[in-house]
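Just so it is clear, none of the values below were taken in a lab; they were calculated from the coordinates. None of these values were measured; they are calculated from a predicted model. Backbone-built Cβ (ideal geometry, glycine too); neighbour counts: all protein chains shown.
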Amino acid sequence: MKAILVVALSLLAAGSALADTLRFEGRVEAVRLAELSSQLNGIVAEILFSGGEYVEAGRPMIRLDRADADVALAVADAHVAQAEAELDGAAREANRQETLFRRGISPDAVVGPVRTAKAAAEAALALAKAERRRALLDRDRTIIRAPISGFVGQPLTRIGAFLEAESQAPLAEIVALDEVVVAYRVPYATRLETLQNSGAESLDALLERVELLFELPDGSEFPHRATPSHASATVDPADGTVTVRANVRNPDARLRPGMSVTVHVTILLPETQ
C-alpha cells in the first residue's frame, strides 16, 4: 500500500498548532482470531451453529458422539472402586500387623511387606483417579466450545464426519470484531521528514502526536478515531516503507478483516507564535 498524497498543511486555529495531514491506504486486520478444532477422535453428532452469528466464548458449537467416552468413564469409575477396595484391605492388614509388631508379636519381616502393599494400593488408587479425571476430560471434550467471543464462519464439517484430533483440521473460524487493527504503509523518508518538522524527539514520540481518522469505502467517516499502536522495526527493501498499525474500537462491527479503508493521518506540529 503506497501513500496516495499529502493533502495539506493547515492552521487549526489562532494560536494552535499546525496539523500536517497525510492520507494512506489501509487494510483492516483481526486482533483476535480463533479456530474450532477437536481434541478427540470422534464422529460429529450435532452442529450447533449455522455461520455468521455472534457467539460467546464457551458456547457449545459442535457435539461429538460420546458413547465411547461414556464407556471409558464407566470403566474408570470401576477401576477407582476396585482400587479403593484394595486399598481398604491393604490398610486394614497393615494396621493389624503394625499393632502386632508394636506388641512384639509380629516380626519386622511381616510388617515390611504389608507396608509396601499398602503404599502400592495407595499409588494404584491415585492412578485410577487420574485415569478417571482423564475420562471426564475426554467426555467434556466431546462438546467443542467457542474459544473466544466473536462472529463465527460457516461450519467446515458435517454431521457424521469422523474427526481426527491429530490432523487439527479447522472446523470453523471465529473472529472478534469489537476491536480491530488497521495497518497502513508509510514511506520511511516521509516519516523522517515529518519527524523533523514535528519537533518530536523520537519516532515513538511522533506517534503520540498522531490522530487517525478512517474513511470507509462508501466515502463515509468511521465514527471512532485512534492513535497508532506501533510501527514495524524494519523498512521494506522493496518500497522503502514501514508498516504502522493502530488498534481501533469497532463496537458496531462496521470494520471487517480484509476491508480497505483510507487512513487520514493528522500530525500535530509545534505551536507557532
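Could you give log10 I(q)/I(0) at q = 0.28 Å⁻¹ for region 183-229, computed by the Debye formula over C-alpha point scatterers of equal weight, without solvent?
Once normalised to I(0) and log-transformed, intensities are -1.06.
Return the long-range amide H neighbours of V261 (sequence gap of 5 or more, or a different chain), with a cut-off of under 5 Å between placed amide H atoms.
Amide H to amide H, under 5 Å and 5 or more residues apart or across chains, V261 pairs with G26, R27, V28.
Does anyone have the angle between helix 67-102 and the longest principal axis of the chain? Alpha-carbon axes, 0 to 90°, nearest 10?
Tilt relative to the chain: about 50 degrees.
Over the alpha carbons of region 55-108, what is the largest minus smallest coordinate on each principal axis, giving the biggest first in Å?
Computed over the Cα atoms, the extents are 70, 24, 13 Å.
So what is the 222 nm mean residue ellipticity for the chain from helices alone, if each DSSP H run of at least 4 adds -39500 (n - 2.57) and you divide by all residues, rounding to the nearest 500 deg cm²/dmol?
Working: 4 runs with 85 residues, N = 273.
-11000 deg cm²/dmol, from helical runs alone.
Taking the convex hull of the Cα atoms, report for region 66-141 its projected area averaged over all directions, in nm².
4.8
For region 125-271, what is the largest minus smallest coordinate of the Cα atoms on each principal axis, given in angstrom and ordered from greatest to least?
On the principal axes, region 125-271 reaches 75, 41, 31 Å in Cα extent.
Going by average Cβ neighbours within 10 Å, how do the peptides 126-134, 260-268 rank, with the highest at the top?
The densest-packed peptide leads the list: 260-268, 126-134.
How tilted is helix 188-198 with respect to the longest principal axis of the chain? Cα atoms for both, answer in degrees (0 to 90, nearest 10).
70
How big is the dipole moment of the chain about its Cα centre under a simple scheme where the beta carbon of each Lys and Arg is +1, that of each Asp and Glu is -1, and everything else is neutral? Debye, nearest 20, please.
The calculated dipole for the chain is roughly 700 debye.
Using the Cα gyration tensor of region 101-200, with a ≥ b ≥ c the square roots of its eigenvalues, what is the shape: rounded (a/c below 1.5), prolate (a/b larger than b/c) or oblate (neither)? The partial results should precede the final answer.
Working: a/c = 5.64, a/b = 2.21, b/c = 2.55.
In terms of gyration-tensor shape, oblate.
Based only on Cα atoms, what Rg/Rh ratio does region 190-273 have, Rh being taken as Kirkwood's radius? Write out the running numbers ahead of the final one.
On the way: Rg = 14.4 Å, Rh = 14.4 Å.
Radius of gyration over Kirkwood radius for region 190-273 works out to 1.00.
Residue by residue, what Karplus-based ³J(HN,Hα) values in Hz, rounded to whole numbers, does region 42-56 have, using 6.51, -1.76 and 1.60 with θ = phi - 60° and x for Gly and Pro?
Ordered by residue, 3J(HN,Hα) equals x, 9, 5, 9, 7, 10, 9, 8, 10, x, x, 8, 7, 10, 8 Hz.
When N is the residue count of region 14-143, what does its C-alpha Rg come to as a fraction of 2.2 N^0.38 Å?
Details: Rg = 30.1 Å, N = 130, 2.2 N^0.38 = 14.0 Å.
Against the empirical 2.2 N^0.38 Å value, I get 2.16 for region 14-143.
Cα atoms only, the chain: Rg and Dmax in Å?
Gyration radius and largest Cα-Cα distance of the chain: 32.4, 106 Å.
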